[in-house]
1. With unit charges on the beta carbon (Lys/Arg positive, Asp/Glu negative), name the residue among 394, 85, 118 whose Cα is farthest towards the positive pole of the charge dipole of the chain.
2. Apply the a/c threshold of 1.5 to the C-alpha gyration tensor of region 413-570 and tell me whether it is rounded, prolate or oblate.
3. What FRET efficiency do you get for residue 354 and residue 138 if R0 is 60 Å and r is their Cβ-Cβ distance, rounded to the nearest 0.05?
4. Calculate, in nm to one decimal, what residue 214 and residue 309 gain on full extension: separation in residues at 0.36 nm each, minus their alpha carbon distance.
5. Got the relative contact order for the chain handy, in percent, Cα pairs under 8 Å and 6 or more residues apart?
6. Given a 1.4 Å probe, how much area per residue of the chain is accessible, in Å²?
7. Give 189/345; 408/435; 281/301 a once-over and call out the pairs whose C-alpha atoms are over 21 Å from each other.
8. How big is D, in µm² s⁻¹, for the chain by Stokes-Einstein at 4 °C and 1.567 mPa s if Rh is the Kirkwood radius over C-alpha pairs?
Amino acid sequence: MRKVFLILLLCNFTLGFSQGNATTGKVYPKDYFTTPLKIPLVLSGTFAELRSNHFHAGLDIKTLGKEGLDVLASAEGYVSRIKVSHWGYGKAIYITHPNGYTSVYAHLQKFSDKIEDYVKKQQYKKESFEIHLFPSAATLPISKHEIIGFSGNSGGSGGPHLHFEIRNTKTEKPINPMLFGIEVNDSKKPRINTLIGYSLNKNSHINAIAKPIQISLIQLENGNLLAKKIKAYGTIGFGINAYDQLDGAYNKNGLYSLSLAVNGKRAHEFNAESFSFAESKYINLLIDYERFKTLKQRIQKCFIEPENKLNVYKKTNNNGYVTIENGMDYTVEIIAKDFKGNSQKITIPITGSKDSILVKETIKKTPYKINRTIFNVFKKEGVTVAFPKFTFYNDFYLDFQLQDSIVKVHSPIVPLDKKYTLTFDVSKYTETEKKQLYIASIDEKGRTDYETTVKKEATFYTTTKSLGDFTLVSDTKEPKIQLVNFKDAQWLTNFSELKIKITDNESGVKSYRGEIDGEWILLEYDPKIDLLVYNLNDKIFTTAKHNLKITVTDNVGNSTTLNATFFRKK
């Protein structure tokens with residue numbers, strides 16, 4: 001009998017008695033999400049944490065480091081969407097509830113029997129492990145507390161856990177599940193590590209420095225922080241690096257709210273209540289993107305950049321910009337809070353002083369000036385970069401170079417709003433050479449990574465949202481296939497699955513196909529560990545000898561086929 005561990009209950013799940021959220025004024029159904037567990041939920045990730053290019057859309061619930069724990073429906077409803085993918089959410093279930101909300105359960109190891117049967121039929125019909133399904137309301141009705149799957153580590157997960165979301169069914173906006181009454185133990189204050197000051201116009205400065213500056217902090221007896229007094233002038237702003245920790249976990253989680261006040265008057269407030277996936281890209285304006293890319297430290301700005309369209313802020317008159325006048329004194333307070341209200345505060349004393357600027361930002365001018373409001377095209381020795389209008393959020397000089405067959409398209413310290421096109425002239429290559437070539441990006445350690453390459457007669461191009469170094473790479477090596485838990489010509493009577501390892505260290509695996517006795521088989525692929533797994537119970541074996549055929553193709557068309565036999569009858 002399986003141990004029932006993960007139960008996210010939305011009792012009745014109706015919009016009966018509700019309570020307003022004091023911070024936002026919005027109303028969410030309370031006291032419906034409960035857990036009958038004798039131990040509290042322990043989270044490894046919280047809502048709206050700052051992730052690469054996106055916000056975290058739900059809660060990551062710890063599963064004791066194990067896979068295969070029961071996951072139960074949070075309320076009655078019906079399965080409205082199922083997605084199985086190599087990356088992202090892996091195996092995920094979406095349940096639509098009758099009160100206007102949808103719950104999401106991701107990184108599952110496996111679905112419940114009735115959902116698994118439905119999904120497998122579609123996978124075999126389409127001959128694809130990856131699949132995206134939208135069942136009708138009558139196809140997979142779900143009862144409250146019904147087992148819908150088992151916790152896992154599928155997709156882009158970095159370890160066993162359950163990713164859980166609540167979304168507005170109509171808008172698909174994720175909402176912080178904590179607002180629905182989910183309880184976790186949290187007695188710890190957020191911790192602020194770093195304070196950065198920003199000079200935000202050409203005449204402004206902090207301590208005579210007109211570039212981002214780290215400000216020293218002293219911890220007070222009550223746990224709050226006092227910044228070293230600064231002299232400043234003009235329009236300035238602040239940002240912090242901070243994290244929160246919950247009881248029973250060492251994970252560094254995100255903040256629920258971040259506010260800034262000037263002389264006691266609120267000037268900025270961020271709240272992790274809800275967001276739109278469409279606007280999530282503006283997270284790169286919420287953070288100090290250049291510092292993140294160079295130092296791997298996320299500084300959350302306490303002011304709103306002009307092109308930042310996120311709806312995670314309370315409206316204020318000046319969007320967090322602080323105007324310092326000569327001869328005036330100011331006190332700025334920044335407060336970081338978690339959902340439970342635990343907080344840490346920085347107090348920043350400021351004296352207005354219009355001093356001469358001693359240190360300024362250096363601007364390296366190049367022949368390639370980006371005007372963000374127009375279509376920009378630049379060419380250099382057979383390489384073309386084309387940036388659509390409003391690819392960038394600001395104008396700047398692009399560092400565009402070509403040296404030893406490596407193209408530098410600036411440094412990856414500038415955020416992009418949309419993709420641009422990078423084109424290589426390949427007319428000098430033979431048809432055989434072109435077949436093996438692909439466009440690759442180069443990381444800071446010199447490693448290459450395949451970029452989706454569109455091949456024309458004389459040009460190859462890719463579209464990307466990443467700046468940095470690129471080159472053409474030739475892949476002449478075939479993928480490798482290796483039997484893992486069995487050998488050729490082996491009896492597999494007591495086996496439940498076949499495991500096959502597939503690798504391609506050049507352009508990477510593009511596709512794979514498995515057949516037994518000439519019929520397509522469902523191979524579950526986990527690219528994190530390069531493993532294909534086949535469930536032998538998917539097929540009834542009426543004869544003893546069987547032929548296994550696995551074919552793997554990489555991104556330039558190199559292909560490898562493994563043929564093996566095995567014996568099994570039942």
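1. It is 394, whose Cα lies furthest towards the positive end.
2. On the way: a/c = 3.15, a/b = 2.34, b/c = 1.35.
The shape class here is prolate.
3. Values: r = 71 Å, r/R0 = 1.19.
With a Förster radius of 60 Å, E is 0.25.
4. On the way: separation 95, 0.36 × 95 = 34.20 nm, distance 2.66 nm.
Extra length from residue 214 to residue 309 when fully extended: 31.5 nm.
5. On the way: 1431 pairs, mean separation 57.8, N = 570.
Reported relative contact order: 10 percent.
6. Numbers: 27540 Å² over 570 residues.
Spelled out: the 1.4 Å probe surface of the chain, per residue, equals 48 Å².
7. Details: 189/345 10 Å; 408/435 24 Å; 281/301 15 Å.
Where the Cα-Cα span goes over 21 Å, the pairs concerned are 408/435.
8. Working: Rh = 27.1 Å.
The Stokes-Einstein estimate is 48 µm²/s.
The values are calculated or read from the model by the stated rules, or taken from the named source; none is laboratory data. As the structure is a computational prediction, the values presented were derived from the model and not from experiment. Here the Cβ is made from the backbone with ideal geometry for all residues, glycine too, and neighbour counts use every protein chain on show. Side chains included, ligands, DNA and RNA excluded: accessible areas come from the protein's heavy atoms. Shrake-Rupley method; radii C 1.70, N 1.55, O 1.52, S 1.80 Å.
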